[in-house]
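Down below is the structure, laid out as structure tokens.
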Amino acid sequence: MCMAAARADAMPIVSKLYCSSSQAVLVVRKRPHVVSGGGFVVTDCSQKVVFRVDGCGVSGSEGELILRDSSGEALLLIRRKGGMVQALSIHRKWKGYTFDYEGSQKLVFSLKEPNFSCLLRNNAIRVSTEPRRSNKDWDFEIKGYFPDRSCSIVDSLGNIVAQIGINKEADQLMANKDLYHVVVRPGIDQVFTFGVVAVLDYIYGESTRC
């Protein structure tokens, strides 16, 4: 099933054009580094490409990801911030930028990545958006464990906005989790959702990482 009948108000973070009025079930397929430089492709239930994510194997820059639409247009540039301050911090920070009509970058979200030694299954990864949406110091968090393909993006009120999973048939056929689905709630920005998925993919050393 591709879409559910539920409807909701749009919650644009990158663009309202990518906030569906219905629940979306999208499929992620990882690309091999050898053939296409890594990253992954996102398709809908008709197997039409919706997004693709280029990792550092394509961009040539470590810690840089680009999310594109089906025609190859860049929608989101995601960079891991470096420097001495980041090295001394318990968290590394990723920043997602969109582009205006003049090509200038605009910050739309930040994600705090725990140090690798702190990547425990119960250690939540938190995301803040611009502009802020809650009175906490974060707007969304990741619950669950991405490498198991069993996790959710949850808002500050505890509502699940997107869920990452794998069906039993795919699990039996592809034990390496190269194929999985993401269920995005009605009204939620799908570009933002897959920007977060791209960062999780990189953090855990998967297809977007060199």
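The values are calculated or read from the model by the stated rules, or taken from the named source; none is laboratory data. Note that the structure is a prediction, hence the values are computed from the model and not measured. Cβ atoms come from the backbone with ideal geometry, glycine included; neighbour counts cover every protein chain shown. In case anyone asks, the SASA skips ligands and DNA or RNA and just uses the protein heavy atoms, side chains included. Shrake-Rupley method; radii C 1.70, N 1.55, O 1.52, S 1.80 Å.
So here's what we get for this one:
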quantity	calculated
Residues being under 17 Å from Pro32 (Cα atoms) and open to solvent by 30 Å² or more (accessible area, probe 1.4 Å) - total across the range 177-190	3
Looking only at the range 121-130, and only at residues there that are at pLDDT 80 or above and open to solvent by 50 Å² or more (accessible area, probe 1.4 Å), the one that is nearest to Cys151 (Cα to Cα)	Arg126
Residue among Thr208, Thr193 that alone is surrounded by 17 or more Cβ atoms within 10 Å (Cβ to Cβ) and modelled with pLDDT under 80	Thr208
